[in-house]
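The values are calculated or read from the model by the stated rules, or taken from the named source; none is laboratory data. Since this is a predicted model, take the numbers as computed values, not measurements. As a convention, Cβ positions derive from the backbone with ideal geometry for all residues, glycine included, and neighbour counts pool all protein chains shown. Accessible surface areas use protein heavy atoms only, side chains included; no ligands, DNA or RNA. Shrake-Rupley method; radii C 1.70, N 1.55, O 1.52, S 1.80 Å.
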Amino acid sequence: MSADVIIIGGGVIGTACAYFLARRGVKVLLLERNHLGSGASGATAAIVSISGTSGTPEALRRLNIESYHLILDIEQDFDQPLEVIQGGALYAAMNEQEARGIRPAYEEVCEMGIDAQWMKGSEARHFEPLLGPNVEAAFYNPASYHVNPFRLYEGYLNAALRRGSRIEYGVQVREVKLKDDAIDRIITNKGDYHADWVVLAGGVHTPEILSPLEIEIPIVPARGQVILTEACSVKTEHIISFLDHLYIKQTASGNFYLGSHTEFVGFENRITLEKIANFAQVLAYGVPLLARLRALRFFVGFRPICEDNLPIIGPLPACSKLVIASGHGRTGVRYSASTGKAVSELIVDGKTEHPIDAFRVERFTK
Amino acid sequence: MNKMSETKEIKNYRIESGIRRGKEIKITIDGKPARAYEGETIGAVLAAAGYRKIRRAPQRKDPRGLYCCMGSCYGCLVTVDGQPNVRACVTRVEPGQKIELQDGFGWIDMDMPGPKPGRLIHQQTELVIIGGGPAGLSAAVVAAKMGAHVLVIDENLLSGGQIYRQLPQPFQVDNPAALGIDYADGQALLSQVEQLSNRITICNDALVWAVFDSRQLAITRGSELVLLEAKAIIAATGANERPVPVPGWTLPGVMTAGGAQVLMKSQRVRPGTRVLLAGTGPLQLVVANQMLDAGMDVVAVAESASTRSAWRYLPDLIRQPGLIKQGLSYMYRLRKTGVQMLQPWVLQAVEGDHQVQRAVLGKVDSQCRSIPGYTTAVDVDTVCLGYGLIPSVWLTTMLGCRHVYNPMVGGWVPYYNEHMQTDQTGVFVAGDGAGIAGVLVARRQGTIAGLYAAAHAGVISTEQAARAAHVERRALTSLRKFRRAMDHVYRIYPELYANISDETIVCRCEGITAGEIRNAVRAGTLNLNDIKKRTRTGMGYCQGTHCTPVVAAMLAREFGAKTEDIELMTTRPPARPIPLSLLMGDVKGNI
Ligand SMILES: Cc1cc2nc3c(=O)[nH]c(=O)nc-3n(C[C@H](O)[C@H](O)[C@H](O)COP(=O)(O)OP(=O)(O)OC[C@H]3O[C@@H](n4cnc5c(N)ncnc54)[C@H](O)[C@@H]3O)c2cc1C
Ligand SMILES: Cc1cc2nc3c(=O)[nH]c(=O)nc-3n(C[C@H](O)[C@H](O)[C@H](O)COP(=O)(O)OP(=O)(O)OC[C@H]3O[C@@H](n4cnc5c(N)ncnc54)[C@H](O)[C@@H]3O)c2cc1C
Ligand code: FES
Ligand code: FES
């Protein structure tokens, strides 16, 4: 069993890498231990914005703008629509202090060339009638949309499969054996695999796969709990965000997706009453409609997050044929297209269009 | 339209014998006054007034009506006093109510007062029993007799579970005999519960919807959010009906056999006029007889199993001569009344313009394979599907119990030992939720579970429990042999699922067709969670109860997956949708 490139992990990053490599004519084999999107990508809100409340580190700005446009462009190459809802994002503040708190984010969005808008509470309510009377101020970032994440990674994958790539499910990679600067073999629960290159996109499990090589990378699971409501006839195309990264978006099917705190609790996957009640309250304070809806589902996802909030994109110092693409934290969907593109350039051209030095593994291993 | 309302006026779907209803009250349906009585559900009022179509589904705009009648399918959503998506079949009518039929999701009126924020209550008890059916109540009675304090939680408005369905309080019973033997048995059990009311607390209209911190049960009761801890837990959560789709099965007028029974037994309303029952097992005969009692025209009963193999199991079957005799007498009466008894035949399709008008049936062989050339059609307005039951294991899954696959008792069931204890210490099971085995087994298992749970809670010693459980166990052995024989005779063959065309809706909630599911499978997945994400199958109100078993059956029959290898879909809270307002109270301060 062999291929030019083996990608480990069928999340949004692994499938994006497969897609961009396949577009360059590379034969890819994707190995997924469970099923498509069984990691963070299956729980995500899939919001793609230029900038946002958390601020975009300088190093990521070019990829941010590139990825934002790329995802919209490649939809044409997909066999199913992405269910893009391109209504922009509203960041709401519930009091003076919060208003001061979101101001820097507003300024950053403007700085990145986006025509953002600052609004008083009453203007904001006029602009978005779902906002309740408690909203003090808000700003609007038109450069924000969300997609159906399942369609996105399914789209990346299917477009790669059409170009001759393959995927195998139920294959868990245990170790990647190296031989000098080359890949010796990939050891899995289903036997050994061979490839010239390996792309490691195992999300929160990436560190495990590297540990036999005695390489430690600081990617940890950052849990997010999510509430999905029943579908509803009241419609909004805006993403509505509040402090602490809490936000709502309405899916194409009419359900509201409510997310989400960032918790560092390992892989504990039970929902907790305290957190879901807390963020349901915060969100319903801003959007009173929510108090009238029912929750259809509660679930959790684990974002693969790096300690310095930057992803890891680039080859291992010990072996230039083993490329890591992981640790995108809260914004893996946003950066999926750029990451896939950069990885494909790295493998095919040996260099990338946009610099990725800031994302190298060496920043942790020196 | 006019013609419809004409038939509505001349028909009286209410069964008047045996009971007197509560006070007549005034309500409106779509602005028009409708007849309603205290104690009736909105669903019963609609059925009694001749409404078949209750709403149009949001996705495909196809008409839907009452289907399960027990609050599990969410097919009957109506708007009540400005609040959309209320389940008609489990919501009581109130004087002055304005009921509107929905097109799609319904409209939320923000000018109406919103729901009250939830109130958090912490509670502790010795023994909690989830499910107030025969299993749960039997457990409660014996445990209370032994001295335990017991709390019984059930989401139904009334105790009794499926078979012992009671009538709402405002109804008065003049002639209990007209209500059948199950009603009497239920009354007898409930009066035992009543006598022990100093130790048994019954909590109805309360749903267990989540399990926090491994053992803390989250319960909704009105606007209360109860967090309950108990020394011992008995899950007696019963079963759901097995969905078997055919083209047209979402049309108004197609119901589950159990749903039809709920209307007749606990609301005294006829589900229709001319009926076909299609399914398998003796339950169908029970329902058909209840329909004759109710004065309905039972056109045909189609049994999918060829019971020719029955003689092979004769020694075990005659262990319960009473039950066999009862079955035969039901059959005799049906034949004598001129009901077409089709066996082995299966339902192939339901047809009709906006509601059931015709049903197409086909003959099958002993393994449920279609025999070409043998089809027939019957003109009916109601089709009842009764293809057996599937254990409801949501709660035991959430409690972390190990489950095993056993198709003979309905599929995935919690593992349990001879104390009815699961692999989770202190968690016991009984009744249909532990494997489909009927009311007699449910009661005995309930008693055993009650005894050992009482022992676990420290109320009696394990020796005491063992002594008292001894007779129950002996009776169970005999019952089990009988039951196993019945399960063989009425087994479910994969070919039962042979009539699902690409256009057939499989996920009723989300309007997903079999064709869409097949496409997802062809794209390379045999995983239920993956199929769910790719197609939305199972993402609806019913949490997949009415579609996941079908997807599993399709994977097995059409794509060669072994049913026991098809993992259960990841179980997540809530058990049923819960209002977010429940989380809006002072939850944080209390934890
Ligand atoms: C609640 C929540 C909300 C979010 N909202 C957003 C948002 O709005 N916008 C945004 O841009 N991002 C968002 N994110 C973040 C984003 O979802 C993640 O960054 C992204 O999904 C990570 O993708 P991935 O492919 O790296 O990891 P994953 O999706 O976790 O994929 C890794 C895959 O690798 C497989 N795997 C692991 N180990 C092995 C092995 N040994 N062998 C084979 N396969 C293996 C796993 O099964 C998994 O499928 C959110 C995340 C969460 C949890
Ligand atoms: C629809 C239907 C009709 C039937 N009709 C007949 C019949 O006519 N004759 C016959 O012999 N047998 C009949 N049976 C079979 C018979 O009901 C069972 O053998 C017997 O009732 C099993 O008893 P049980 O106590 O195990 O479960 P049930 O009687 O089903 O009781 C389980 C109870 O648990 C409650 N529950 C489940 N989950 C929760 C939760 N999360 N929170 C709160 N409450 C919960 C349910 O509301 C239910 O009341 C029928 C079964 C069904 C499903
Ligand atoms: S008919 Fe009301 S929920 Fe099924
Ligand atoms: S039928 Fe309810 S979720 Fe599919």
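Structure notes:
- Residue match in the stretch B:418-439 (condition: part of a strand (DSSP E or B), in contact with a strand residue (DSSP E or B) (Cβ under 6 Å, 6 or more places away or on another chain) and of a type in the set (A, V, I, L, M)): yes
- The condition of being under 30 Å from A:Asn278 (Cβ atoms) and either away from ligand 3 (no atom under 13 Å from the Cβ) or at pLDDT 95 or above (or both) holds for only one of B:Lys116, B:Lys61, that being B:Lys116.
- Residues in the stretch B:101-124 that are under 28 Å from the mean Cα position of the chain (by Cα) and not in a loop (DSSP other than H, G, I, E, B): B:Leu101, B:Gln102, B:Asp103.
- Unique match (being within 14 Å of another protein chain (Cβ to nearest Cβ) and not in a helix (DSSP H, G or I)) among A:Gly224, A:Gly164, A:Gly132, A:Gly155: A:Gly132
- Qualifying positions in the stretch B:68-82 - away from ligand 2 (no atom under 12 Å from the Cβ), away from chain A (no Cβ under 14 Å) and either surrounded by fewer than 24 Cβ atoms within 10 Å (Cβ to Cβ) or in a loop (DSSP other than H, G, I, E, B) (or both): B:Gly75, B:Cys76
- Selection within the stretch B:523-537 - open to solvent by less than 10 Å² (accessible area, probe 1.4 Å) and either more than 14 Å from ligand 4 (Cβ to nearest atom) or among the aliphatic types (A, V, I, L, M) (or both): B:Thr525, B:Asp530, B:Ile531
- The single condition among (1) in contact (Cβ under 8 Å) with a residue 60 or more places away in the chain; (2) outside the structural domain of B:Gln123 (by TED's automatic domain parsing); (3) more than 10 Å from ligand 2 (Cβ to nearest atom) that B:Gln261 does not satisfy is (3).
- Selection count where residues are of a type in the set (A, V, I, L, M, F, W, C) and away from chain B (no Cβ under 14 Å), scope the stretch A:247-273: 2
- Test: residue in the stretch B:33-45 that is in a loop (DSSP other than H, G, I, E, B) and either within 15 Å of ligand 3 (Cβ to nearest atom) or among the aliphatic types (A, V, I, L, M) (or both): yes
- Of all residues in the stretch A:135-152 being in a strand (DSSP E or B) and within 22 Å of A:Ser41 (Cβ to Cβ), the one that is nearest to the chain's Cα centre (by Cα): A:His146
- Qualifying residue in the stretch B:576-589 (condition: without any contact (Cβ under 8 Å) to a residue 12 or more places away in the chain and either within 8 Å of chain A (Cβ to nearest Cβ) or open to solvent by less than 10 Å² (accessible area, probe 1.4 Å) (or both)): yes
- For the stretch A:321-355, a residue qualifies if it is of a type in the set (A, V, I, L, M) and either in a helix (DSSP H, G or I) or open to solvent by 30 Å² or more (accessible area, probe 1.4 Å) (or both), and the qualifying residues are A:Ala337, A:Ala342, A:Val343, A:Leu346, A:Ile347, A:Val348.
- In the set B:Gly515, B:Gly540, B:Gly450, only one residue is surrounded by 24 or more Cβ atoms within 10 Å (Cβ to Cβ), on the phi < 0 side of the Ramachandran plot and assigned to a helix (DSSP H, G or I); that residue is B:Gly450.
- Residue that is farthest from ligand 3 (Cβ to nearest atom) [pool: residues in the stretch A:190-217 that are without any contact (Cβ under 8 Å) to a residue 24 or more places away in the chain and assigned to a loop (DSSP other than H, G, I, E, B)]: A:Glu214
- Per-region count, the stretch B:451-479, residues modelled with pLDDT under 95, within 14 Å of B:Glu418 (Cα to Cα) and among the aliphatic types (A, V, I, L, M): 3
- Filtered by the rule that a residue be more than 14 Å from ligand 3 (Cβ to nearest atom) and either open to solvent by less than 10 Å² (accessible area, probe 1.4 Å) or in contact with a strand residue (DSSP E or B) (Cβ under 9 Å, 6 or more places away or on another chain) (or both), the stretch B:83-98 gives B:Pro84, B:Val93, B:Glu94, B:Pro95, B:Gly96, B:Gln97, B:Lys98.
So that you can scan it fast, the table gives a plain yes or no per residue for (1) surrounded by 16 or more Cβ atoms within 10 Å (Cβ to Cβ); (2) in contact (Cβ under 8 Å) with a residue 12 or more places away in the chain; (3) under 15 Å from the mean Cα position of the chain (by Cα); (4) assigned to a loop (DSSP other than H, G, I, E, B):
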site: A:Leu29; (1), (2), (3), (4): yes, yes, no, no
site: A:Gly37; (1), (2), (3), (4): yes, yes, yes, yes
site: A:Val48; (1), (2), (3), (4): yes, yes, yes, no
site: A:Gln80; (1), (2), (3), (4): no, yes, no, yes
site: A:Glu83; (1), (2), (3), (4): yes, yes, no, yes
site: A:Leu90; (1), (2), (3), (4): yes, yes, no, no
site: A:Ala105; (1), (2), (3), (4): yes, yes, no, no
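- A:Gly113 of a type outside the set (Phe, Trp, Tyr) and within 23 Å of A:Lys249 (Cβ to Cβ): no
- Any hit, the stretch A:234-241, residues being farther than 23 Å from A:Gly301 by Cβ, surrounded by fewer than 22 Cβ atoms within 10 Å (Cβ to Cβ) and not assigned by TED's automatic domain parsing to the domain that holds A:Val300: no
- Strands (runs of 3 or more DSSP E) (entirely within the stretch B:307-406) containing at least 1 residues that are farther than 30 Å from B:Ile130 by Cβ: B:340-342, B:345-351, B:358-364, B:370-379, B:382-386
- Answer from A:Ala159, A:Ala231, A:Ala137 - the residue that is touching a Ser or Thr at 6+ places or on another chain (Cβ under 8 Å) and either buried (at least 20 other Cβ atoms within 10 Å of the Cβ) or in contact (Cβ under 8 Å) with a residue 40 or more places away in the chain (or both): A:Ala231
- The set of residues in the stretch B:257-268 that are within 14 Å of ligand 3 (Cβ to nearest atom) and more than 30 Å from B:Tyr497 (Cβ to Cβ) comprises B:Ser266, B:Gln267.
- Only one of the listed residues (B:Glu503, B:Glu558, B:Glu564) is in a loop (DSSP other than H, G, I, E, B), over 25 Å from A:Pro149 (Cβ atoms) and open to solvent by 20 Å² or more (accessible area, probe 1.4 Å). That residue is B:Glu503.
- Residue in the stretch B:550-573 that is within 16 Å of ligand 1 (Cβ to nearest atom), touching a residue at least 12 places away in the same chain (Cβ under 8 Å) and under 18 Å from B:Asn406 (Cα atoms) present: yes
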